[in-house]
Amino acid sequence: MSKGRARTTAAGKLSGERMHEVIRKPVITEKATLAGEHNQVTFQVSLDATKPEIRTAVETLFKVKVKAVNTLRQQGKTKRFRGRPGQRSDYKKAMVTLEEGHSIDVTTGI
Amino acid sequence: MQVTETSADGLKREYKVVLSAADIEEKVQARLEQLKDEVKLPGFRPGKVPESLLRKRYGQAVMGEVLEKAVNDSSQQAITERNLRPAMQPQIEITSYDEGQDLEYSIKLEVMPEIEPADFTKISLERLKVDIPDNEIDEALQRLAEQQKKTEPLSEERPAQSGDVLVIDFKGSVNGESLPGMEAEDHHLELGSNAFVGDFEDQLIGKNKGDEAEVKVTFPEAYGNEKLAGQEAVFQVKVKDILNATPADIDDELAKSYGAEDLEDLKSKLREHLGGEYQSLSRTLVKRQLLDELADRHDFEVPDGLVDMEFEAIWNRLQQDKEAGNLDPEDAEKDEETLKSEYRAIAERRVRLGLLLSEVGRLNEIDVAQEELQQALIQEAQRYPGREQEVFEHYQKNPQSVANLRGPLLEEKVVDHILDQAEVAERSVTPDELREEFDSQDSPEKTEKAKATKSKSDSSSGKKSASSGTAKKAASTKSKSTKKDESEGEGEAATTTKKSASTSKKSTAAKSTASKAGTGTSKAAGSKASSSKSTASKASSSKSSSSKKTSSESA
């Protein structure tokens with residue numbers, strides 16, 4: 001996370017480095033695989049990533065066409081570790097719906 | 001599954017097996033299905049992992065597993081369907097496989113030859129039977145008596161002479177320094193027993209009771225104690241008493257001291273003991289004859305693979321001997337080629353006999369009972385005194401070594417079985433004749449072989465007639481092979497039973513026992529000439545007496 005870096009507002013001009021920063025990793029869970037059947041792919045993305053950023057990142061990195069991006073912020077749980085309260089980090093999930101005929105194999109990696 | 005025979009040459013068979021891709025796919029599917037419930041992946045509840053993910057993650061491993069199993073099963077099936085009896089592990093080679101393609105592989109194997117055991121009733125052998133002559137027993141008794149010397153004070157005083165037992169105090173020193181173990185009081189020393197170093201005893205001859213003497217001896221260079229080796233030592237000796245030693249009378253008393261009830265009992269025990277030695281000797285002889293006969297009567301084809309393996313084992317041992325420098329001198333002068341062909345012939349003979357014996361065992365349902373195995377195990381354990389427990393554990397952990405034990409046992413039983421059927425003539429001989437026979441069985445071949453090799457070297461050095469040279473070479477090879485078999489042959493059948501993997505071990509074990517039997521007697525005749533022919537009878541003093549023996553010797 002490099003805050004304060006000059007960021008292009010035009011989503012089309014995202015730097016390659018930034019693109020890899022935006023997309024953290026695929027989310028592989030039962031729910032995500034279920035969504036996969038509706039041509040949706042789920043990623044964990046950086047907290048400050050915007051929908052347009054995610055769209056360009058996914059389109060250029062995976063060479064697919066994105067139909068829509070839905071995001072949510074998942075608040076970190078409060079956990080106790082050795083009796084002391086702790087906080088898990090927040091993270092952002094992005095559900096990316098792909099255009100008909102496109103697909104991403106999330107399990108193989110980039 | 002499709003199986004096609006691609007070649008059948010002698011005992012060798014080759015098959016091509018094709019497994020269809022669908023079959024394999026089905027098996028993989030089934031295996032994945034099975035895996036599904038076991039796999040735990042983060043993000044998924046157990047048993048809910050989608051198959052596509054499973055396949056991606058475990059597909060490769062499952063595929064390998066399934067392929068191996070499929071190949072094993074199908075090859076096994078192919079073999080059983082065709083009623084083949086492979087002589088050893090079939091060689092399987094996968095010729096082509098790609099995912100989604102048919103699997104094609106080839107099986108190469110050698111089948112067991114069809115063995116028709118010859119009619120054993122037509123084999124005639126000669127068993128030498130030894131009646132132990134009374135004088136041999138008397139001699140043994142005499143020896144026992146000598147070990148149990150009676151000592152009594154002299155009736156009238158006289159100087160000590162050889163054979164007397166002196167009671168002495170002595171104190172020794174080297175360079176004026178006294179060392180532990182060099183002094184004793186009231187020591188009983190028999191003159192002429194060579195219990196002490198050098199001419200210590202001789203110097204005491206002629207001394208009278210009560211005399212004090214100074215004895216100087218030089219320890220030999222090769223003395224056990226380094227401090228003393230090669231040193232000159234002075235002993236202050238005081239002769240306290242001179243005792244007259246006479247051999248114990250041969251009577252019931254003597255018998256009792258050896259743990260027998262009376263003299264007759266002792267005699268019969270001795271007879272039994274001596275008889276046992278000769279019996280095992282004559283059994284070895286008969287077995288040799290039998291194996292020779294069997295080898296002559298059977299010439300079925302032998303699987304090359306087994307011969308190779310046996311040969312390899314022999315050859316390795318030879319190489320080891322070579323490195324250790326104790327190669328048979330007769331072998332040393334031969335070039336590698338000759339040796340190889342010689343040993344190959346031996347290997348083949350061994351394999352043939354091994355196969356034959358195991359086949360006979362199979363046909364007649366001869367098997368080694370558990371108790372017998374147990375007994376052999378106990379015997380084996382006794383060879384390592386103090387470590388019996390380890391031996392037992394070793395055998396418990398390694399079924400393979402138990403199979404090694406079983407081999408010779410089975411062989412013995414089969415040999416017994418054949419001997420029962422064969423015509424065995426008995427001939428009574430004296431012990432000496434038996435021993436001669438034992439030695440002569442390989443000596444004629446030795447001489448013959450020596451001749452052959454000699455003439456061979458002549459011809460090769462002269463390079464006159466190449467053809468006769470090779471002929472003689474062949475002759476020498478043959479005699480050699482038989483001779484080798486004599487010395488090592490006792491265990492040969494055991495060497496190549498079906499559990500061929502263990503061949504080398506077995507043969508070495510069997511060999512060691514065989515050579516023991518052989519050398520034991522020759523040594524007896526040779527080295528201990530003074531104590532007459534047999535150390536065998538010396539050993540006859542049973543366990544109870546052996547402790548006494550040592551005590552009387554040390555006294």
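The values are calculated or read from the model by the stated rules, or taken from the named source; none is laboratory data. What you see is a predicted model, and the numbers here were worked out from it, not measured in a lab. Because the Cβ atoms are built from the backbone with ideal geometry, glycine has one as well, and the counts that use them run over all protein chains shown. When the accessible area is computed, the model is the full protein with side chains, heavy atoms only, and any ligands, DNA or RNA have been set aside. Shrake-Rupley method; radii C 1.70, N 1.55, O 1.52, S 1.80 Å.
Please specify each residue of the range A:20-41 satisfying the condition of being more than 18 Å from A:Glu99 (Cα to Cα) and in a helix (DSSP H, G or I).
Within the range A:20-41, the subset more than 18 Å from A:Glu99 (Cα to Cα) is A:20-31.
Hits for the range A:20-41 are A:His20, A:Glu21, A:Val22, A:Glu30, A:Lys31.
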If we only count helices (runs of 4 or more DSSP H) wholly inside the range B:282-379, which ones have 2 or more residues that are hydrophobic (A, V, I, L, M, F, W, C) and open to solvent by 20 Å² or more (accessible area, probe 1.4 Å)?
B:304-324, B:336-363
Go through the range A:52-87 and give me each residue that's open to solvent by 90 Å² or more (accessible area, probe 1.4 Å) and not in a strand (DSSP E or B).
A:Lys63, A:Lys65, A:Gln75, A:Lys77, A:Arg82
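Return the residues of the range B:23-56 that are closer than 30 Å to B:Glu81 by Cβ and open to solvent by 70 Å² or more (accessible area, probe 1.4 Å); say none if nothing qualifies.
Within the range B:23-56, B:Glu25, B:Glu26, B:Lys27, B:Glu33, B:Gln34 meet the criteria.
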Taking the range A:20-30 and keeping residues touching a strand residue (DSSP E or B) at 6+ places or on another chain (Cβ under 8 Å), open to solvent by 50 Å² or more (accessible area, probe 1.4 Å) and either facing another protein chain (nearest Cβ under 10 Å) or touching a residue at least 40 places away in the same chain (Cβ under 8 Å) (or both) leaves A:Arg24
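In the list B:Glu185, B:Glu201, B:Glu157, which residue meets the criterion of being open to solvent by 60 Å² or more (accessible area, probe 1.4 Å), farther than 30 Å from B:Ser280 by Cβ and modelled with pLDDT of 70 or more?
B:Glu185
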Consider A:Gly36 against the criteria (1) surrounded by 17 or more Cβ atoms within 10 Å (Cβ to Cβ); (2) under 10 Å from the mean Cα position of the chain (by Cα); (3) modelled with pLDDT under 95: it satisfies all of them except one. Which criterion is unmet?
(2)
Could you grab me the full set of residues in the range B:73-87 that are open to solvent by 20 Å² or more (accessible area, probe 1.4 Å) and of a type outside the set (Val, Ile, Thr)?
B:Asp73, B:Gln76, B:Gln77, B:Glu81, B:Arg82, B:Asn83, B:Leu84, B:Arg85, B:Pro86
Filter the range A:1-27 for residues that are modelled with pLDDT of 50 or more and more than 12 Å from the chain's Cα centre (by Cα) and give the result.
A:Ala11, A:Gly12, A:Lys13, A:Leu14, A:Ser15, A:Gly16, A:Glu17, A:Arg18
Test: A:Asp90 is open to solvent by 50 Å² or more (accessible area, probe 1.4 Å) and within 14 Å of another protein chain (Cβ to nearest Cβ)
no
Looking at (1) at pLDDT 75 or above; (2) surrounded by 15 or more Cβ atoms within 10 Å (Cβ to Cβ); (3) of a type in the set (S, T, N, Q), can you tell me which one B:Ser257 breaks?
(1)
For the structure I just gave you, tell me whether B:Ile79 is more than 14 Å from chain A (Cβ to nearest Cβ) and within 18 Å of B:Tyr97 (Cα to Cα).
no
Taking the range B:44-67 and keeping residues more than 14 Å from chain A (Cβ to nearest Cβ) and either under 20 Å from B:Thr4 (Cα atoms) or part of a loop (DSSP other than H, G, I, E, B) (or both) leaves B:Leu67
Which condition breaks for B:Ala70 when tested against (1) open to solvent by less than 20 Å² (accessible area, probe 1.4 Å); (2) of a type outside the set (Lys, Arg); (3) within 14 Å of chain A (Cβ to nearest Cβ)?
(3)
Log entry, pairs with first residue in the range B:210-223 being over 17 Å from B:Asp186 (Cβ atoms), second being part of a loop (DSSP other than H, G, I, E, B) and open to solvent by 80 Å² or more (accessible area, probe 1.4 Å), beta carbons closer than 6 Å, six or more apart or on different chains, reads none
Given the conditions (1) more than 14 Å from chain A (Cβ to nearest Cβ); (2) in contact with a helix residue (DSSP H, G or I) (Cβ under 7 Å, 6 or more places away or on another chain), and given that B:Glu38 satisfies all but one, which numbered condition is not satisfied?
(2)
Report whether or not B:Arg387 is touching a strand residue (DSSP E or B) at 6+ places or on another chain (Cβ under 9 Å) and open to solvent by 40 Å² or more (accessible area, probe 1.4 Å).
no
Can A:Glu17 be described as away from every other protein chain (no Cβ under 14 Å), surrounded by fewer than 11 Cβ atoms within 10 Å (Cβ to Cβ), without any contact (Cβ under 8 Å) to a residue 40 or more places away in the chain and in a helix (DSSP H, G or I)?
yes
